[in-house]
1. Of the residues B:62, B:71, B:50, only one is assigned by TED's automatic domain parsing to the domain that holds residue B:114 and either without any contact (Cβ under 8 Å) to a residue 40 or more places away in the chain or surrounded by fewer than 22 Cβ atoms within 10 Å (Cβ to Cβ) (or both); which?
2. Taking the residues in region B:297-324 that are in a helix (DSSP H, G or I) and at the interface with chain A (Cβ under 9 Å from one of its Cβ atoms) as candidates, determine which candidate is modelled with the lowest pLDDT.
3. Would you check which residues across region B:569-585 are closer than 16 Å to residue B:230 by Cβ and in contact with a helix residue (DSSP H, G or I) (Cβ under 6 Å, 6 or more places away or on another chain) and list them?
4. Need at least 1 residues that are among the polar types (S, T, N, Q) per element, so show me which strands (runs of 3 or more DSSP E) inside region B:544-626 make the cut, counting only ones lying wholly within it.
5. Taking the conditions exactly as written (touching a residue at least 60 places away in the same chain (Cβ under 8 Å), of a type in the set (Lys, Arg) and assigned to a helix (DSSP H, G or I)), does residue B:124 satisfy them or not?
6. Which of the residues belonging to region A:1-25 are surrounded by 15 or more Cβ atoms within 10 Å (Cβ to Cβ) and either polar (S, T, N, Q) or modelled with pLDDT under 80 (or both)?
7. When you check residue B:545 against the structure, is it under 30 Å from residue B:156 (Cβ atoms), of a type in the set (Gly, Ala, Ser) and free of Cβ contacts under 8 Å to residues at least 12 places away in the same chain, yes or no?
Amino acid sequence: MKTVRWSIPLAIFVVLVGFLWVGLGRDPREVPSPLIGKPAPSFALPQIHSDKPLSTAELTGKVYLLNVWASWCVSCRVEHPLLLQLAQAKIVPVYGLDYKDNPDDGRAWLAQNGDPYTSSIVDLDGRVGIDYGVYGVPETFVIDRSGIVRYKQIGPLSVESLQQKILPLVRELQK
Amino acid sequence: MIPELGHFALIVALLTAIVQGTLPMLGAAMREPRLMALARPAARAQFLLVALAFGCLAWSFVANDFSVQNVATNSNSELPLHYRVAATWGSHEGSLLLWTLMLGGWSFAVTLFSRNLPAPMLARVISVMGLVSVGFLLFLLFTSNPFERLVPAAAEGRDLNPLLQDPGMVFHPPLLYMGYVGFSVAFSFAIAALLGGRLDATWARWSRPWTTVAWSFLTVGIALGSAWAYYTLGWGGWWFWDPVENASFMPWLTGTALIHSLAVTEKRGAFKSWTVLLAIVAFSLSLLGTFLVRSGVLTSVHAFATDPARGVFILVFLAIVIGGSLALFAWRAGKVGLGGAFDLVSRESMLLANNVLLVVALASVLLGTLYPLFLDALNLGKISVGPPYFDTVFYPLMAPAAFLMGVGPLTRWTRTPLPELATRLRWALGVAIVTALIVPFLLGRWSLLVAFGLFLAFWIFATTVVNLRQRLSSSPRHGLLAKLRANSPSYYGMILAHLGIGVFVVGVTLVKGYEVEKDVRLDTGESVALGGYDFKFLGVTPGPGPNYRALTGSVEVRKDGRLIETLAPEKRIYNASGQTMTIAAIDTGFFGDRYVSLGEPVGTDPTKIDGAWGVRIYLKPFVDWIWMGAFLMALGGFIAVSDRRYRLALKTRAARVFGGAVGNVGAD
């Protein structure tokens with residue numbers, strides 16, 4: 001009995017180590033979006049290259065990526081080459097959401113860095129961004145044929161995130 | 001060459017630490033004096049080697065050797081010299097090297113101040129410290145080599161994180177680590193005692209000064225970190241319950257409990273296995289803190305580059321060191337025997353209550369810190385635990401602890417007659433209640449929380465006066481000075497540390513109760529009134545700094561139309577990284593601070609600086625008492641260890657042990 005009592009600290013510690021071990025494999029910064037599995041919030045916003053509004057209704061029926069970017073966003077420059085490659089490969093259309101940005105600055109930025117987007121819409125006051133729960137630009141949403149959000153990436157895209165998560169998911173959804 | 005020399009020194013230090021960690025321990029088990037005699041030289045050599053490595057890294061920083069990866073990432077040729085030195089511990093690798101250096105330093109100190117320790121005890125203590133060193137040196141060499149070269153060398157460094165370019169960076173980490181790592185001594189004494197089967201008053205007397213010194217350093221280190229956050233983060237907070245803060249606070253709580261239970265073990269032979277457990281837990285929490293900070297399992301404002309391999313390494317190390325110690329505890333603690341009996345109202349019971357409260361507080365902080373991780377691991381969702389939880393749980397636990405702190409020192413060992421105690425405390429209770437009722441009125445607004453906080457603080461002050469008076473009047477000597485001298489430094493240290501808690505409570509209570517803040521948009525020449533002062537914004541002027549460009553605001557403070565001072569809050573844009581830092585302007589005073597920080601320029605064009613700005617103004621009554629209290633606590637600790645009895649007692653007791661007269665297992 002006595003040894004049992006003296007072993008309590010050890011037992012607590014063993015449980016703690018178990019949790020820490022599991023915790024090591026997790027990313028505490030990854031916050032799941034409540035939008036996953038729900039319809040993408042609808043919008044109808046002017047496009048960056050034409051004043052004709054683009055709405056969610058026109059996008060239903062195909063799988064697409066919605067990439068939130070801005071000319072003021074530094075880490076967007078990091079993921080930009082990947083987006084350009086993705087656009088060249090023509091695997092999936094990428095739509096841009098120019099978030100809280102002056103359209104002139106946005107156009108200049110695209111002219112300078114290349115334009116990977118099928119089209120970009122301008123969210124000048126950030127309202128659509130709020131609907132989408134944008135809190136760190138860049139963010140990328142994967143949206144399926146019926147307009148349901150399937151995945152959200154916060155922060156810049158990377159080769160790993162594209163190869164391991166986004167592209168397999170896109171292929172699955174396109175079947 | 002110098003970085004390679006440092007790297008080589010680390011490798012030799014590892015080999016020395018392996019010798020230090022094994023042979024003396026083996027010698028103690030085999031009663032072989034020649035092996036035990038290796039303890040001192042091995043520990044000293046290991047310390048000097050790590051110090052050499054540390055010196056090499058510091059030299060690389062000072063000499064701007066950007067062919068060293070660590071220097072290229074964390075320094076810059078424009079960085080002022082003192083920050084280049086401090087940048088040595090600004091990175092993950094450098095701070096681990098500092099950890100290891102401190103561990104070596106404490107081992108070195110043990111070899112110096114242990115002439116009276118029995119040889120087997122010393123051999124075991126030094127060996128345990130050596131084994132911990134082995135773990136850290138392996139960690140450094142295999143996952144976090146600070147001397148990694150960069151090929152080709154960088155032309156310029158990426159600069160030290162601007163947040164760290166602060167005098168706080170020069171002092172806070174070394175002092176904090178002194179404390180953290182200092183608990184390794186108490187830990188090693190505990191393990192050595194468990195191994196040797198000697199857990200008695202002598203052991204407690206040996207551990208006490210080491211624990212108190214480590215605790216004092218930790219107290220100063222935490223206080224400095226808190227003060228640093230207060231003036232650099234620009235929003236006037238001094239404690240955020242951030243996981244990394246908690247990581248330093250948990251060993252502090254345990255260390256505080258340990259100091260008190262060691263007193264009981266030394267004086268009365270009681271609480272032995274509990275004291276040993278606390279000694280193990282205090283250091284384990286230091287290690288756990290290192291793991292939490294370095295592995296990135298929790299989100300924190302202290303963002304360090306994290307690497308899964310590092311996390312796995314520390315976790316395995318943690319499992320071996322802590323798991324091994326607790327297994328040893330489970331195996332041996334049952335054999336140490338119980339201490340003397342005591343009554344419900346006695347100093348023992350007071351200290352027991354203190355320990356229970358501190359440990360419950362520790363458990364609640366630990367739970368709050370790890371709760372997000374627990375839930376995530378069980379797939380129950382992602383949450384974060386913030387100040388509302390900690391405030392709700394922590395204050396109700398600390399309030400009774402503060403109250404008992406007034407009673408405890410007035411009680412006697414074994415038993416105290418209740419009526420006698422009540423007579424002594426009547427006066428103090430009266431003073432505390434009256435003050436608590438009246439002072440809030442004088443400060444302008446009465447509130448229950450302020451009254452309660454002040455009651456606790458004045459209760460501590462008043463009972464301390466009662467205690468001191470009683471000590472002096474019962475002294476047989478004549479003359480106040482002689483009476484004062486009759487008490488030991490450890491008594492005065494205790495008194496001072498307790499007064500420090502009182503001062504701290506005053507600070508916390510008044511700043512929480514009466515602080516005012518205003519977040520306003522001010523045009524040049526515009527002014528705003530707050531708490532009887534007028535703050536007039538005179539605009540912002542740009543100017544150069546050593547490695548940044550500064551935008552310096554100018555705010556005139558007037559009271560009743562009379563100019564008191566001009567505050568100059570700054571925005572700094574660092575050249576190398578382009579990062580912005582806010583430097584608040586603070587007028588520090590005994591009765592409180594006036595605190596002004598610059599927000600952002602308000603208006604359509606953010607590059608236009610001569611327009612209106614967002615300005616944050618705070619009045620923080622008595623806020624500096626928080627840190628003053630902490631420094632008093634630490635000062636009390638340092639005074640307590642100057643007590644001659646630790647040195648004298650060591651000699652006489654050790655002489656008896658060498659004589660083989662004492663067989664101490666369960667002898668109490």
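1. On the way: B:71 fails: either without any contact (Cβ under 8 Å) to a residue 40 or more places away in the chain or surrounded by fewer than 22 Cβ atoms within 10 Å (Cβ to Cβ) (or both); B:50 fails: either without any contact (Cβ under 8 Å) to a residue 40 or more places away in the chain or surrounded by fewer than 22 Cβ atoms within 10 Å (Cβ to Cβ) (or both).
Matching residue, one of B:62, B:71, B:50: B:62.
2. So the residue we want is B:308.
3. B:581, B:584
4. Details: elements: B:548-559, B:562-567, B:570-574, B:580-583, B:585-589, B:592-602, B:612-621.
Result: B:548-559, B:562-567, B:580-583, B:585-589, B:592-602.
5. On the way: touching a residue at least 60 places away in the same chain (Cβ under 8 Å): yes; of a type in the set (Lys, Arg): yes; assigned to a helix (DSSP H, G or I): yes.
Yes, satisfied.
6. The answer is A:7, and nothing else.
7. On the way: under 30 Å from residue B:156 (Cβ atoms): yes; of a type in the set (Gly, Ala, Ser): yes; free of Cβ contacts under 8 Å to residues at least 12 places away in the same chain: no.
Spelling it out, it is not the case that residue B:545 is under 30 Å from residue B:156 (Cβ atoms), of a type in the set (Gly, Ala, Ser) and free of Cβ contacts under 8 Å to residues at least 12 places away in the same chain.
Residues checked against (1) touching a strand residue (DSSP E or B) at 6+ places or on another chain (Cβ under 9 Å); (2) assigned to a helix (DSSP H, G or I); (3) within 14 Å of another protein chain (Cβ to nearest Cβ):
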site: B:345; (1), (2), (3): no, no, no
site: B:349; (1), (2), (3): no, yes, no
site: B:353; (1), (2), (3): no, yes, no
site: B:363; (1), (2), (3): no, yes, yes
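The values are calculated or read from the model by the stated rules, or taken from the named source; none is laboratory data. Here the structure is a predicted model, which is why all the values come from computation and not from measurement. Neighbour counts are summed over all protein chains in view; Cβ atoms, including those assigned to glycine, are modelled from backbone coordinates with ideal geometry.
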